[in-house]
1. Quick one: which residues, 5 or more positions from Ala22 or on another chain, have an amide H under 5 Å from its amide H? H modelled 1.01 Å from N in the peptide plane, none for Pro or chain starts.
2. With θ taken as phi - 60° and the coefficients 6.51, -1.76 and 1.60, list the Karplus ³J(HN,Hα) couplings across region 158-172 in order, rounded to whole Hz; mark glycine and proline as x.
3. Which whole-Hz couplings ³J(HN,Hα) result when phi for each residue of region 97-108 is put into the Karplus expression 6.51 cos²θ - 1.76 cosθ + 1.60, θ = phi - 60°, listed in order with x for Gly and Pro?
4. Relative to a virtual label point 7 Å from the Cα of Ile112 in the Cα→beta-carbon direction, which members of region 170-188 show backbone nitrogen distances below 18 Å?
5. Using alpha-carbon positions, what is the distance between the centroids of region 96-114 and region 171-209, in Å?
6. Quick check: the angle from helix 34-49's long axis to the longest principal axis of the chain, C-alpha only, nearest 10 degrees?
7. Residue by residue through region 111-119, what is 3J(HN,Hα) from phi via Karplus (6.51 cos²θ - 1.76 cosθ + 1.60, θ = phi - 60°)? Round to whole Hz and write x for glycine and proline.
Amino acid sequence: MTCTFADLVTRASALANGGRRAVLGITGPPGAGKTTLASHLVAALAAGNGPGWVAHVPMDGFHLADVELDRLGLRDRKGAPDTFDAYGYAALLRRLVEDQDPMIYAPGFERILEQPVAGAIPVPRAARLIVTEGNYLLIDDERWRPVRSLLTEVWYAGLDPAERLRRLIERHVRFGKTPDDAVAWATGTDERNAELIAATRSRADLLVEPELLHSLRPA
């Protein structure tokens, strides 16, 4: 059955029925539209439930800083699973699920600097639904496995490969890469990561179809 965007909003809202805090994960390969889908969902849910009811907490704030990637010799693989603080991300999700603190601050990610920014995203106690998105929510290895157990549901954004690549190259150029470097990165490092992520597709609770993702304008 094909889901409409309204269906997704209804399903997401129902995750927090009864007042218990829920965490919705959105995953998919680079350029698939995860952030766009999350942003549209959060806007629609805030309009229906109030702006404090929902919060958007991307995984990207857990990128390791470039200085640490240099120390580890991983700078040329930035964006791969081992270039994130996966345990730190799981710890934040655990704290969100436990729902004990009046305010939780999550890190953000500054795309122009390509660096994480601490304490950038406030999550008030009133937030009943947390929408988080990132590449590796369903990866089955020691570092990432704890993440899945903390997510109420995980949706997979599956944009068709040609459009995904086009958007990814465009994004890299927009944030400072030359066109040649953008193509090289998107078809090299990003594509290797995309293949790894695609292998997790069957573990998702819901597949968001390409047609729906095409219909959403980037935020």
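1. Those qualifying (amide H under 5 Å, at least 5 residues apart or on another chain) are Leu129, Ile130.
2. Values, residue by residue: x, 5, 5, x, 5, 5, 4, 5, 4, 5, 5, 4, 4, 5, 4 Hz.
3. Calculated HN-Hα couplings, in order: 5, 5, 6, 10, 9, x, 8, 10, 9, 9, x, x Hz.
4. 171-178
5. First find each Cα centre; the distance between them is then 24 Å.
6. Approximately 20 degrees, to the nearest 10.
7. 5, 5, 7, 6, 9, x, 10, 5, x
Read-outs throughout are calculated quantities, based only on the coordinates presented, and are distinct from any laboratory measurement. As the structure is a prediction and not an experimental result, all values here were calculated from the model. Neighbour counts run over all protein chains shown; Cβ positions are idealised from the backbone, glycine included.
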